[in-house]
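Since the structure comes first, as C-alpha cells, the remarks are kept for the end.
The values are calculated or read from the model by the stated rules, or taken from the named source; none is laboratory data. Computed from a predicted structure; not experimentally measured. Cβ coordinates were reconstructed from backbone atoms using ideal geometry, including for glycine residues, and neighbour counts include every protein chain displayed. Please note that ligands, DNA and RNA were not included when accessible areas were found on the heavy atoms of the full protein model with its side chains. Shrake-Rupley method; radii C 1.70, N 1.55, O 1.52, S 1.80 Å.
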Amino acid sequence: KQEVTQIPAALSVPEGENLVLNCSFTDSAIYNLQWFRQDPGKGLTSLLLIQSSQREQTSGRLNASLDKSSGRSTLYIAASQPGDSATYLCAVPFPSNTGKLIFGQGTTLQVKP
Amino acid sequence: DAGVIQSPRHEVTEMGQEVTLRCKPISGHNSLFWYRQTMMRGLELLIYFNNNVPIDDSGMPEDRFSAKMPNASFSTLKIQPSEPRDSAVYFCASSLVMGHEQYFGPGTRLTVT
C-alpha cells in the first residue's frame, strides 16, 4: 500500500523568502511524482511532474527534487510572493504503472506581504 | 485548448434525487479520471478510463455511483439516489496516456440536503 504524507500541514512566511515543501511516500517503486497547486474553491493546477529516472525538475521559480531511495520529494519555491499562497499537493501513481494517483493531504502556504 | 470542462459547477439537490455530473476531457487525451475531494478524506480516485474503457472502479463507494464514457470526448458520473454524505467536490482529470501528467477540471461542488 502506498501512503503519501506532507509536512507541515500549514506554513506562513514573509514575502521574498525561499521555502521548501516536503512530500514523503512509503513505496519507493514509483513511476513518477506530480506536484499540484490548488487555490481555494478551485481545481488543481499541475506544477511539475518528475519522472522516477529524474532527480530534479524546474519551472520558473519552482524546483522539484526526487529521492526515491529515501521516499522523499521536495518542492522549492524561490523568492516567494503573495500570489504563491495556495495549497500544494503531491501525488504518486499506485500501482506505479497506472494513472491511479495517491495524494498527500497538502501543505497550505500563506505568503504575507 | 480549453482544458478539462466540467458541468455543472455547482449542484444542490435533495436527498434521494439523481445527480449527473459531466466531463469533457482535453482533446486527444486517452485517459480520464474521476476524483472526489472532502475535508475528511482529501482527494480520492473513484474510477478511471483508458480509451473509453473502465479500468479500475475500486474507488466507487457504493452501487449508487456509476460512471460511463460513451466516447472519447464525454464522460458522466451518476449518483442515484443521492445522500447527504455524497456532498463533496467532484473533479474530472485527463492525461494524454495513462501514467502521464494529469490535468484537472474546475470541479463540481455537490451539496445534497
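Give the residues of the stretch A:21-65 that are open to solvent by 50 Å² or more (accessible area, probe 1.4 Å), among the hydroxyl-bearing types (Ser, Thr, Tyr) and touching a Gly at 6+ places or on another chain (Cβ under 9 Å), sorted by residue number.
A:26, A:28, A:31
Looking at (1) under 24 Å from residue B:100 (Cα atoms); (2) among the polar types (S, T, N, Q); (3) open to solvent by less than 50 Å² (accessible area, probe 1.4 Å), find the lone condition where residue B:13 falls short.
Here residue B:13 meets the rest and fails (1).
Restricting the stretch B:98-113 to residues that are open to solvent by less than 60 Å² (accessible area, probe 1.4 Å) and of a type in the set (Ser, Thr, Tyr), which is nearest to residue A:36 (Cα to Cα)?
Looking at the filtered set, the residue picked out is B:108.
Taking interchain pairs and intrachain pairs at least six residues apart, which have beta carbon atoms under 6 angstrom, with the first residue in the stretch B:95-107 and at positive phi and the second open to solvent by 40 Å² or more (accessible area, probe 1.4 Å) and at pLDDT below 90?
Close Cβ pairs (under 6 Å, with a partner that is open to solvent by 40 Å² or more (accessible area, probe 1.4 Å) and at pLDDT below 90) amount to B:99/A:31.
Residues to consider are A:20, A:92, A:4, A:13; find the one that is under 23 Å from residue B:42 (Cβ atoms), among the hydrophobic types (A, V, I, L, M, F, W, C) and more than 14 Å from chain B (Cβ to nearest Cβ). Even if it seems obvious, please write down each step before you answer.
On the way: A:92 fails: more than 14 Å from chain B (Cβ to nearest Cβ); A:4 fails: more than 14 Å from chain B (Cβ to nearest Cβ); A:13 fails: under 23 Å from residue B:42 (Cβ atoms).
Answer to the check: A:20.
Mind counting the residues in the stretch A:47-65 that are touching a Lys or Arg at 6+ places or on another chain (Cβ under 8 Å) and of a type outside the set (A, V, I, L, M)? Spell out the reasoning first.
Keep residues of the stretch A:47-65 that are touching a Lys or Arg at 6+ places or on another chain (Cβ under 8 Å), which gives A:47, A:52, A:65.
Narrowing further to those that are of a type outside the set (A, V, I, L, M): A:52, A:65.
Count: 2.
Out of (1) surrounded by 15 or more Cβ atoms within 10 Å (Cβ to Cβ); (2) within 15 Å of residue B:87 (Cβ to Cβ), what's the single condition that is false for residue B:31?
Going through (1) surrounded by 15 or more Cβ atoms within 10 Å (Cβ to Cβ); (2) within 15 Å of residue B:87 (Cβ to Cβ) one by one, residue B:31 breaks only (2).
Taking only the stretch B:53-80 into account, find how many residues are over 13 Å from the mean Cα position of the chain (by Cα), within 14 Å of chain A (Cβ to nearest Cβ) and part of a loop (DSSP other than H, G, I, E, B).
Residues in the stretch B:53-80 being over 13 Å from the mean Cα position of the chain (by Cα), within 14 Å of chain A (Cβ to nearest Cβ) and part of a loop (DSSP other than H, G, I, E, B): 1 in total.
Answer yes if at least one residue in the stretch B:81-97 is in contact with a strand residue (DSSP E or B) (Cβ under 9 Å, 6 or more places away or on another chain), within 13 Å of chain A (Cβ to nearest Cβ) and open to solvent by 30 Å² or more (accessible area, probe 1.4 Å), and no otherwise.
Yes, the stretch B:81-97 has at least one match.
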